[in-house]
């Protein structure tokens with residue numbers, strides 16, 4: 001499993017947090033949560049500030065758009081050359097159009113499934129997405145507890161992938177720590193971890209505790 005570290009909730013300022021993450025020894029990504037202040041009950045992201053600080057990081061970027069109209073954000077984010085941009089299943093923009101824009105710019109497209117959304121909705125999109133991101137908390141707030149009923153969705157995705165021609169990746173985000181990681185081990189290709197790492201005084205120790213499990 002690869003690790004993607006989210007700085008959505010941190011005990012440190014944005015620039016300090018990103019520097020600390022960028023210096024860590026781990027195989028994975030920096031996870032970037034972006035909010036429009038409408039899709040979820042969270043403050044609107046200062047996109048220009050994010051782009052300013054993210055342009056100098058060396059680890060690949062994994063971006064999650066918690067917004068109603070992701071296309072308008074994607075055009076600005078392309079300059080960061082992220083490896084992945086994931087959008088919500090119930091976004092207002094056309095998912096096929098989003099896929100075309102991302103793939104034209106050599107960016108993988110992820111489809112995000114919230115805890116209250118039916119996993120079988122994924123089936124109709126697997127021909128043009130690169131990964132499915134399962135939310136194991138409700139999006140828009142860091143530090144939430146892992147929803148233990150979510151892993152059944154991982155089982156469905158693994159079965160779907162095994163029985164189709166699609167090679168989509170399986171990711172999960174929300175409430176992952178050194179205890180809850182047992183629920184997802186061997187079921188995902190990548191997991192996102194945020195406050196467990198970024199609200200600690202020893203990032204590397206927390207990272208190691210996850211990857212040694």
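The values are calculated or read from the model by the stated rules, or taken from the named source; none is laboratory data. Keep in mind it's a predicted model, so treat the numbers as computed, not measured. All Cβ positions, glycine included, derive from the backbone under ideal geometry; neighbour counts span all protein chains shown.
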If you take the residues of segment 186-213 that are part of a loop (DSSP other than H, G, I, E, B) and at pLDDT 95 or above, which of them is farthest from residue 7 (Cα to Cα)?
-> 187
Report yes if some residue within segment 50-69 is loosely packed, with under 13 Cβ neighbours inside 10 Å, modelled with pLDDT under 95 and not in a helix (DSSP H, G or I); otherwise report no.
-> yes
What are the residues in segment 1-14 that are in a loop (DSSP other than H, G, I, E, B) and under 18 Å from the mean Cα position of the chain (by Cα), if any?
-> 1, 7, 8, 9, 10
Residue in segment 34-48 that is farthest from residue 90 (Cα to Cα), counting only those that are within 17 Å of the chain's Cα centre (by Cα) and in a loop (DSSP other than H, G, I, E, B) | 45
Taking segment 15-33 and the residues there that are within 18 Å of the chain's Cα centre (by Cα) and either at pLDDT below 95 or farther than 28 Å from residue 154 by Cα (or both), the one that is surrounded by the fewest Cβ atoms within 10 Å (Cβ to Cβ) would be 27
May I ask you to list pairs of residues, at least six apart or on different chains, whose Cβ atoms are under 9 Å apart, with the first in segment 83-106 being free of Cβ contacts under 8 Å to residues at least 24 places away in the same chain and the second being surrounded by fewer than 20 Cβ atoms within 10 Å (Cβ to Cβ) and part of a helix (DSSP H, G or I)?
-> 94/71
Which of the residues that make up segment 70-91 are under 19 Å from residue 174 (Cβ atoms) and crowded, with 19+ Cβ neighbours inside 10 Å?
-> 84, 85, 86, 87, 88, 91
For residue 123, which of the numbered conditions (1) free of Cβ contacts under 8 Å to residues at least 12 places away in the same chain; (2) under 17 Å from residue 159 (Cα atoms) fails to hold?
-> (1)
Name the residue, out of 123, 114, 106, that is over 17 Å from residue 193 (Cα atoms) and at pLDDT 95 or above.
-> 106
Of the residues that sit in segment 111-121 and are under 18 Å from the mean Cα position of the chain (by Cα) and within 17 Å of residue 94 (Cβ to Cβ), which one is surrounded by the most Cβ atoms within 10 Å (Cβ to Cβ)?
-> 111
Does residue 136 qualify as being touching a helix residue (DSSP H, G or I) at 6+ places or on another chain (Cβ under 9 Å) and either surrounded by fewer than 20 Cβ atoms within 10 Å (Cβ to Cβ) or within 21 Å of residue 27 (Cβ to Cβ) (or both)?
-> no
In segment 151-185, which residue that is in a loop (DSSP other than H, G, I, E, B), touching a helix residue (DSSP H, G or I) at 6+ places or on another chain (Cβ under 8 Å) and under 25 Å from residue 30 (Cβ atoms) is modelled with the lowest pLDDT?
-> 167
